[in-house]
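Laboratory data are not the source of any read-out in this text; all were calculated from the coordinates shown. Computed from a prediction, not measured in an experiment: that's the story for all the values here. When we count neighbours, we look across all protein chains shown, and the Cβ atoms used for this are built from the backbone with ideal geometry, even at glycine.
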Amino acid sequence: MRVAEMTRKWASCSTRGRVTFALDLLAQPEEVRREVIVHELLHLKVPNHGPLFKALLAAHLSGES
């Protein structure tokens, strides 16, 4: 995992398992940070945005505020 300046997105997950978060993500509201972090960590198990990914993301974020 690393934090770096990113100009086009909040985070990314490489096919080799490296998760990178944008430095300016830290200035975003907690809800945004949580959603981005959960999204990228799920990509370590599900590398696409298909139905399984969407269901897991919804399950992990449900009830969070």
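Test of the criteria: in the chain, which trypsin sites (Lys or Arg not before Pro) are in a DSSP loop and have at most 15 other Cβ atoms within 10 angstrom of their Cβ?
Details: sites: 2, 8, 9, 16, 18, 33, 34, 45, 54; in loops: 8, 9, 16, 18, 45.
Filter output for the chain: 8, 9, 16, 18, 45.
Ratio of alpha-carbon Rg to the 2.2 N^0.38 Å globular estimate for the chain, to two decimals, please. Could you put the intermediate results ahead of the total?
Numbers: Rg = 11.8 Å, N = 65, 2.2 N^0.38 = 10.7 Å.
With N residues counted in the chain, Rg over 2.2 N^0.38 Å equals 1.10.
For the range 23-65, which GluC sites (Glu not before Pro) are in a loop by DSSP, counting at most 15 other Cβ atoms within 10 Å? Please list the in-between numbers first.
Details: sites: 30, 31, 35, 40, 64; in loops: 64.
Sites meeting the loop and neighbour criteria: 64.
Using just the helices of the chain, give the 222 nm mean residue ellipticity in deg cm²/dmol: DSSP H runs with n ≥ 4 each add -39,500 (n - 2.57), and the total is spread over all residues, rounded to 500.
Values: 2 runs with 24 residues, N = 65.
When only DSSP H runs of four or more count, the value is -11500 deg cm²/dmol.
Can you give the charge dipole size of the chain about its Cα centre, rounded to the nearest 20 debye, using +1 on the beta carbon of Lys and Arg and -1 on the beta carbon of Asp and Glu? Numbers along the way, then the final one.
Working: 9 positive and 7 negative charges, 74 e Å.
Once rounded to the nearest 20, the dipole reads 360 debye.
If r is the Cβ-Cβ distance from residue 30 to residue 3 and R0 is 22 Å, what FRET efficiency results, to the nearest 0.05? Walk me through the intermediate numbers first.
Working: r = 17 Å, r/R0 = 0.76.
Computed FRET efficiency for residue 30 and residue 3: 0.85.
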